[in-house]
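Q: This is the structure I want to talk about, given as structure tokens.
The values are calculated or read from the model by the stated rules, or taken from the named source; none is laboratory data. Given the structure is predicted, the values throughout are model-derived calculations rather than measurements. Here Cβ is always computed from backbone atoms with ideal geometry, including for glycine, and neighbour counts include all displayed protein chains.
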Amino acid sequence: MSIEQISVFLENRSGRLAEAAKIMGESGVDLRAMSIADTTDFGILRVIVSDTKKALEALMNAGYAVSVTPVIAALIDNKPGGLANSLAALAEAGISVEYAYAFITCRTSDACVILRVTDNGRAAAVLGAAGTKIVSADEIFEL
Amino acid sequence: MNYYQEEVECAPRGAIRGIQSERLSAVIRRVYDSVAPYRKKMDEKGVKPEDIKSADDLHKLPFTTKDDLKDAYPYGFLAVPLKDAVRIQSTSGTTGKRVVAFFTRHDLDIWEDCCARAVVAAGGTDEDVVQVSYGYGLFTGGPGLNGGSHRVGSLTLPMSSGNTERQLQFMCDLSATILCCTPSYAAFLAETIVAQGLRDQIKLKAGIFGAEAWSEEMRRDIEKTIGIKAYDIYGLTEISGPGVSFECSEQTGMHINEDHFIAEIIDPATGEVLPYGSKGEIVFTCITKDAFPLIRYRTRDICVLSAEPCSCGRTLAKMSRLMGRSDDMLIIRGVNVFPSQIEAALMSRGLSSNYQIIVDRVNHTDTFEVQVEMTPEMFSDTVSGVSAHEDELTAAMRSMLGISPKVRLVSPKSITRSEGKAVRVIDKRKI
């Protein structure tokens, strides 16, 4: 049920994000979701793209340090308390969330949350049982 | 005038030369018999102890280098039975370039005398309170000035380095009059004194600051900030620690304790001895030490020697402020750092040696950054994962160097390479 996220090491220097975005753009991949974790020294760009392999190749050829991480994408009801219900289920099951980021889908009924958790398989099962829909890699671009 | 041993410090040049000649031939005779590496080097060069009749013959002797000491670690250059040695001191850095120097009771006496001359030249008497804020332990700074201050009869505060709050409390409560530490720590203390409004509570009149290169501008800045006179002092563990040379009130160079150490200036490339006034590498020969008398030791420090008469009345020759190094050693916050040690720390963690050292001086304090290129193995999607690698590298380098760098991970292949070879060190300090 997990989908692939690409993480890119960005040195803390102006223009590095723009450069990485340009490289992915030129490789013809479409960005579905993105977040940046930043520290005073460096940043980590995390993206979900239409063609992971192609984007990876382009970034690696350009000399970037990259990694691929399986994450899960959960559809959350677009209403107050929607996210809280899903996260409560994970917390009860003892699953930690390392980081998360969200994007709004074209539909107004729900939002998609990307979750990096300690155990994808179990998290998907717990969320499913709590009535949260888990999105597959193919589905994410249909949203 | 303030002298500790006037009969030596102000002796006629000819008399100093006479003492040097006599002591040199005696020490050479002794080390030829007792130190195998010296005997071997002298034999290879075809020099016999009887060829060294006076200080004029010094140039006939082979040089001793840090590598020689490293190869003979730990006892190879020990010139007395081990039972006669009572102390060791060691250079900073824990691997690669370690040097252990031995002292007999007599050697400690000499060292303390040398430091006492520095304390007295800075105006120290038995009425003074000397705050020693150099590190104690294997580092020679603390023990050296501590001994010198004792000799003079000053009340000695063995503070060691760090813990600035406590430093300032003792400085105020016990009315310290002379501060001994590295120039960068002195500058930091001076700023803190002003920032905390303690300027009126301190009784400092002088500072003895060494173990790292500093500029005239920095000196004037420290002097002005806290209203003291700042004196330079020079030394190295191999020769005995601080007090090999020291500054007088004229502040135009450091008088070399020539009754114990003979100084020469050489061309670092050819080894040729250069006349006084020439810029070159300073080389020392210990002529009075029992345990570890180094002969023509290559310091790699670049400076100029002068024997012009000094207004302070001392006749001892002076060496200028340090003008650089003839090898790649950096002195950062008083600690000796070789780029090769950084390389060793990286290699020991299975990393390639793509790194760059950036040293700068901000508000009189050295900044020390090591940039390391990110590798796929070190990279992960979480900040904590990447930070853990930075912390690991910092710890590995700290244990190798004895000083903590700021490790900064940079993009792969981003460190400038010229002619296929990376530029390892960028030293932005203006000294």
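Q: Out of the residues in the range B:22-37 that are hydrophobic (A, V, I, L, M, F, W, C) and over 16 Å from B:K60 (Cα atoms), which is surrounded by the fewest Cβ atoms within 10 Å (Cβ to Cβ)? Talk me through it step by step, then tell me what you get.
A: If we filter the range B:22-37 for residues that are hydrophobic (A, V, I, L, M, F, W, C), which is where we start, we get B:24, B:26-28, B:31, B:35-36.
The next check asks that each one be over 16 Å from B:K60 (Cα atoms); those that pass are B:35-36.
On the way: B:V35: 23, B:A36: 13.
Across the range B:22-37, the extreme among qualifying residues is B:A36.
Q: Looking at B:D360, B:D427, B:D366, B:D327, which one is closer than 30 Å to B:D221 by Cβ, away from chain A (no Cβ under 14 Å), in contact (Cβ under 8 Å) with a residue 40 or more places away in the chain and within 18 Å of the chain's Cα centre (by Cα)?
A: Details: B:D360 fails: within 18 Å of the chain's Cα centre (by Cα); B:D427 fails: within 18 Å of the chain's Cα centre (by Cα); B:D327 fails: in contact (Cβ under 8 Å) with a residue 40 or more places away in the chain.
Checking each option against the conditions leaves just B:D366.
Q: With respect to B:P293, determine if the residue is surrounded by fewer than 17 Cβ atoms within 10 Å (Cβ to Cβ), not small (G, A, S) and not assigned by TED's automatic domain parsing to the domain that holds B:V359. Give the derivation first.
A: On the way: surrounded by fewer than 17 Cβ atoms within 10 Å (Cβ to Cβ): no; not small (G, A, S): yes; not assigned by TED's automatic domain parsing to the domain that holds B:V359: yes.
Spelling it out, it is not the case that B:P293 is surrounded by fewer than 17 Cβ atoms within 10 Å (Cβ to Cβ), not small (G, A, S) and not assigned by TED's automatic domain parsing to the domain that holds B:V359.
Q: State which residue is nearest to the other protein chains (Cβ to nearest Cβ) when the search covers only the range B:369-397 and only residues that are small (G, A, S) and within 22 Å of A:I48 (Cα to Cα).
A: Let us first name the residues in the range B:369-397 that are small (G, A, S), namely B:380, B:384-385, B:387-388, B:395-396.
Remaining after also requiring within 22 Å of A:I48 (Cα to Cα): B:380, B:384-385.
Working: B:S380: 6, B:S384: 8, B:G385: 9 Å.
Taking the candidates together, the pick is B:S380.
Q: While we're looking at this one, here's another question. Run A:A88 past the list (1) surrounded by fewer than 18 Cβ atoms within 10 Å (Cβ to Cβ); (2) within 19 Å of A:C112 (Cα to Cα); (3) within 19 Å of the chain's Cα centre (by Cα) and report the number of the one that doesn't hold.
A: That leaves (3) as the condition not met.
Q: Give me the residue from the range B:391-405 that is assigned to a loop (DSSP other than H, G, I, E, B) and at negative phi and, out of that set, surrounded by the most Cβ atoms within 10 Å (Cβ to Cβ). Explain how you work it out, then say what you get.
A: Residues of the range B:391-405 that are assigned to a loop (DSSP other than H, G, I, E, B), as a first pass: B:402-405.
Filter once more, keeping what is at negative phi: B:403-405.
Details: B:I403: 17, B:S404: 14, B:P405: 24.
Checked the range B:391-405; the qualifying residue surrounded by the most Cβ atoms within 10 Å (Cβ to Cβ) is B:P405.
Q: Something else: Of all residues in the range A:52-67, which are more than 9 Å from chain B (Cβ to nearest Cβ) and under 28 Å from A:S14 (Cβ atoms)? Please lay out each step first, then the result.
A: To start, the set of residues in the range A:52-67 that are more than 9 Å from chain B (Cβ to nearest Cβ) comprises A:52-59, A:61-62.
Of everything in the range A:52-67, those that are more than 9 Å from chain B (Cβ to nearest Cβ) and under 28 Å from A:S14 (Cβ atoms) turn out to be A:T52, A:K54, A:A55, A:L56, A:E57, A:A58, A:L59, A:N61, A:A62.
Q: A follow-up question, please. Could you say which residue among B:R314, B:R298 is surrounded by 20 or more Cβ atoms within 10 Å (Cβ to Cβ), assigned by TED's automatic domain parsing to the domain that holds B:F102 and over 22 Å from the mean Cα position of the chain (by Cα)?
A: Details: B:R298 fails: over 22 Å from the mean Cα position of the chain (by Cα).
Unique residue meeting the criteria: B:R314.
Q: Taking only the range A:32-42 into account, find how many residues are at the interface with chain B (Cβ under 9 Å from one of its Cβ atoms) and crowded, with 19+ Cβ neighbours inside 10 Å. Explain how you work it out, then say what you get.
A: So in the range A:32-42, the residues at the interface with chain B (Cβ under 9 Å from one of its Cβ atoms) come out as A:37-39, A:41-42.
Checking which are crowded, with 19+ Cβ neighbours inside 10 Å leaves us with A:42.
Final tally of qualifying residues: 1.
Q: Also, quick follow-up: When you go through (1) more than 11 Å from every other protein chain (Cβ to nearest Cβ); (2) under 20 Å from A:M60 (Cα atoms) one by one for B:M400, which number turns out not to apply?
A: That leaves (2) as the condition not met.
Q: Sort through B:Y38, B:Y73 and tell me the only one that's in contact (Cβ under 8 Å) with a residue 24 or more places away in the chain and not in a helix (DSSP H, G or I). Steps first, answer last, please.
A: Values: B:Y38 fails: not in a helix (DSSP H, G or I).
After ruling out the rest, the residue left standing is B:Y73.
Q: Quick one: A:P70 ticks every box in (1) surrounded by fewer than 18 Cβ atoms within 10 Å (Cβ to Cβ); (2) out of contact with any Asp or Glu (no Cβ under 7 Å at 6 or more places or on another chain); (3) within 11 Å of chain B (Cβ to nearest Cβ); (4) over 30 Å from B:I415 (Cβ atoms) except a single one, so which number is it?
A: (2)
Q: Looking only at residues in the range A:1-14 that are farther than 20 Å from A:V135 by Cβ and at pLDDT below 90, which one is nearest to the chain's Cα centre (by Cα)? Quick ask: steps written out before the conclusion?
A: Within the range A:1-14, the subset farther than 20 Å from A:V135 by Cβ is A:8-14.
Subsequent filtering for residues that are at pLDDT below 90 retains A:12-14.
Details: A:N12: 21, A:R13: 23, A:S14: 24 Å.
The residue in question is A:N12.
Q: Do you know which residues across the range A:7-31 are in contact with a helix residue (DSSP H, G or I) (Cβ under 6 Å, 6 or more places away or on another chain) and either more than 14 Å from chain B (Cβ to nearest Cβ) or in a strand (DSSP E or B) (or both)? I'd like the intermediate steps shown before the answer.
A: Pass one, the range A:7-31, residues in contact with a helix residue (DSSP H, G or I) (Cβ under 6 Å, 6 or more places away or on another chain): A:8, A:10, A:23-24, A:27, A:29.
A:V8, A:L10, A:M24, A:S27, A:V29 - these are the residues of the range A:7-31 that are in contact with a helix residue (DSSP H, G or I) (Cβ under 6 Å, 6 or more places away or on another chain) and either more than 14 Å from chain B (Cβ to nearest Cβ) or in a strand (DSSP E or B) (or both).
Q: Out of the residues in the range B:358-390 meeting the condition of being among the hydrophobic types (A, V, I, L, M, F, W, C) and not in a strand (DSSP E or B), tell me which one is surrounded by the most Cβ atoms within 10 Å (Cβ to Cβ). It would help to see each step written out before you state the result.
A: First, the residues of the range B:358-390 that are among the hydrophobic types (A, V, I, L, M, F, W, C): B:358-359, B:362, B:368, B:370, B:372, B:374, B:378-379, B:383, B:386, B:388.
Still in the list and also not in a strand (DSSP E or B): B:374, B:378-379, B:383, B:386, B:388.
On the way: B:M374: 22, B:M378: 20, B:F379: 21, B:V383: 17, B:V386: 24, B:A388: 13.
Filtering the range B:358-390 for residues that are among the hydrophobic types (A, V, I, L, M, F, W, C) and not in a strand (DSSP E or B), the one surrounded by the most Cβ atoms within 10 Å (Cβ to Cβ) comes out as B:V386.
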